Amino acid sequence: MKRCPFCGGEYSDETELCPTDQSRLEPADKSVKPIEQTIAQEMLANEQSFWKRMTFKEFAALILRIQALWLFFYAFIDATYLSRYANIFSPVSAYASLTASGRLELLMLILRIIVHIAVAVAVIQNAEKILSWLIKDSVSRK
């Protein structure tokens, strides 16, 4: 009998690959390593020490910074709409040919892009301060 080192399934001696996950089968007498142990062995030592040292506050700050990246994404999406206000084939400037409501839309779009970028940069730079401010009231009440 042969055994799959990942899923633990047992198969006949003629079978070379596990039908479930396509990994090479080993003789059944070898001990099967759990997948968590295999992954832990593949992790680099410095990566393991990083995750052991990381506190909850650092992890929360990391999540906050990752969420701030979405603001950059929204700024990029809004920037793609700027092209409809630029008419490169017109001899008159595109801004001059806009109506009052069109100018207001363009101004709001540019303002929204600037605000998204500014808030994203501020959140990334001050994630720890923001977390302290958010939990200050709940900690002081207890």
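Conditions tested, residue by residue: (1) of a type in the set (A, V, I, L, M); (2) at pLDDT 80 or above.
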position	(1), (2)
Cys4	no, yes
Cys18	no, yes
Phe56	no, yes
Leu71	yes, yes
Val92	yes, no
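Just to be sure before I move on: is Ala45 modelled with pLDDT under 90, over 24 Å from Ser132 (Cα atoms), aliphatic (A, V, I, L, M) and out of contact with any Asp or Glu (no Cβ under 6 Å at 6 or more places or on another chain) in the structure I sent? Working first, answer last.
Working: modelled with pLDDT under 90: yes; over 24 Å from Ser132 (Cα atoms): yes; aliphatic (A, V, I, L, M): yes; out of contact with any Asp or Glu (no Cβ under 6 Å at 6 or more places or on another chain): yes.
Judged against the criteria, Ala45 is a match.
Please state which one of Ile66, Ile35, Ile39 is at pLDDT below 85 and either in the same structural domain as Leu106 (by TED's automatic domain parsing) or surrounded by 11 or more Cβ atoms within 10 Å (Cβ to Cβ) (or both). Write out each step before concluding.
Numbers: Ile66 fails: at pLDDT below 85; Ile39 fails: either in the same structural domain as Leu106 (by TED's automatic domain parsing) or surrounded by 11 or more Cβ atoms within 10 Å (Cβ to Cβ) (or both).
None of the others qualify; the one that does is Ile35.
Residue under question is Ala60, and the condition is that it be modelled with pLDDT of 75 or more, farther than 30 Å from Leu107 by Cβ and either in contact with a Ser or Thr (Cβ under 8 Å, 6 or more places away or on another chain) or assigned by TED's automatic domain parsing to the domain that holds Glu105 (or both); does it hold? Write out each step before concluding.
Numbers: modelled with pLDDT of 75 or more: yes; farther than 30 Å from Leu107 by Cβ: yes; either in contact with a Ser or Thr (Cβ under 8 Å, 6 or more places away or on another chain) or assigned by TED's automatic domain parsing to the domain that holds Glu105 (or both): yes.
Yes: the conditions hold for Ala60.
The values are calculated or read from the model by the stated rules, or taken from the named source; none is laboratory data. No experiment lies behind these values; they were computed from the predicted model shown. Every residue, glycine as well, gets a Cβ built from its backbone with ideal geometry; the counts of neighbours run over all protein chains shown.
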